[in-house]
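Enquirer: Have a look at the structure that comes next, please.
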Amino acid sequence: MHVPTNFSENNLDSIIDFIAANPLATLVAQTSDGIEACHIPLFWHNDHSQYGKLYGHFARKNPIYQNALNSTSWLIIFQDSGHYISPNWYPTKAKTHKEVPTWNYQSIHIQADINLIEDTDRLKWVLGKMTSQQETISDSPWSLEDAPAAYIDTMCRAIIGFELTIEAVQAQFKLSQGKVEENIAGVINGLNELNTEHAATMAHKVVKQNGYHSSR
């Protein structure tokens, strides 16, 4: 991934937080049938290695893991939907007209080796961790213990877990860095004036990334 210096994110805590907030990953593998991809929620686990590990599970019928070449690493991509940025939001555009449209977004590319998890207890650990992370949205969180044990065992036979050992991380958080302060303020105001939750979320990210304070 091409990552301009202005947009490079190297803080592991920020990367981990982004993964937790955007857990649906795109997994890409070189297989005997060519390049394949699938979309699977993952969670990050601190095993005290340099980057930690990622965990998830496949349906057993998914051909991607069955056909993946053992000698190649996997590419894992986490990304938000980002937001369009209009040049009309830049005050300098009215003066020089030397601005163009762009797109703000955050993306993480991870290179990793994969190990399959077939042990039922270990697989249930993966499912339990993923469930507990996502069920924080509920006042009465669901857990594996809420379903009959025999039913969970049946469901587990239809899937296979996996562990991703992270080898390298590239993160790009493109959030209007490098713009003059009046244009950063213009982006924030332009997004907020759209009056949508999606735009407000991006405005908040631009504020946080650039340390912008409206009192300036």
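Enquirer: Once you have the Cα-Cα distance between Gln79 and His45, take 0.36 nm times their residue separation minus that, and quote the gain in nm to one decimal.
Expert: Answer, rounded to one decimal: 10.4 nm.
Enquirer: Per residue of the chain, what 222 nm ellipticity follows from adding -39500 (n - 2.57) for every DSSP H run with n ≥ 4, rounded to the nearest 500?
Expert: Details: 7 runs with 71 residues, N = 216.
Helix contribution divided over all residues of the chain: -9500 deg cm²/dmol.
Enquirer: Pairing the Cα long axis of helix 12-21 with the longest principal axis of the chain, what angle in degrees results, from 0 to 90 and rounded to the nearest 10?
Expert: That works out to roughly 70 degrees.
Enquirer: Which entries of Lys95/Lys174; Lys124/Lys208; Lys53/Lys205; Lys98/Lys205 have Cα-Cα distances beyond 32 Å here? Working shown, then result.
Expert: Working: Lys95/Lys174 25 Å; Lys124/Lys208 37 Å; Lys53/Lys205 26 Å; Lys98/Lys205 25 Å.
From Lys95/Lys174; Lys124/Lys208; Lys53/Lys205; Lys98/Lys205, over 32 Å: Lys124/Lys208.
Enquirer: Just to verify a number: FRET efficiency for Gln133 and Ala168, C-beta to C-beta distance, R0 = 30 Å, to 0.05?
Expert: 0.80
Enquirer: Now for a separate question. At 7 Å along Cα-to-Cβ for each site, give me the label-to-label distance between Lys98 and Ala150 in nm.
Expert: Here the modelled spin labels are 7.5 nm apart.
Enquirer: If you don't mind, there's one more thing I want to ask. Run the quick spin-label model on Trp142 and Lys124: label points 7 Å from Cα toward the beta carbon, then report their separation in nm to one decimal.
Expert: 1.8 nm
Enquirer: What length, rounded to one decimal in nm, is gained on full extension from Glu182 through to Ala21, with 0.36 nm per residue of separation minus their alpha-carbon distance?
Expert: That pair, Glu182 and Ala21, stretches by 55.0 nm at full extension.
Enquirer: Which whole-number value in Å² is the accessible area per residue of the stretch 59-216, probe 1.4 Å?
Expert: On a per-residue basis, the stretch 59-216 sits at 58 Å².
Enquirer: Here is a further query. Taking the Cα centre of the chain as origin and charging only Cβ (+1 Lys, Arg; -1 Asp, Glu), how large is the dipole, in debye to the nearest 20?
Expert: Dipole magnitude for the chain comes out near 780 debye.
Enquirer: Using each residue's phi in the stretch 151-159, evaluate 6.51 cos²θ - 1.76 cosθ + 1.60 at θ = phi - 60° and report the 3J(HN,Hα) Karplus result to the nearest Hz, with x for Gly and Pro.
Expert: 5, 4, 4, 5, 4, 5, 5, 8, 10
The values are calculated or read from the model by the stated rules, or taken from the named source; none is laboratory data. Keep in mind that this is a model prediction, so the values were computed, not measured. Here Cβ is always computed from backbone atoms with ideal geometry, including for glycine, and neighbour counts include all displayed protein chains. Calculation scope for accessible area: heavy atoms of the full protein, side chains included, ligands and nucleic acids excluded. Shrake-Rupley method; radii C 1.70, N 1.55, O 1.52, S 1.80 Å.
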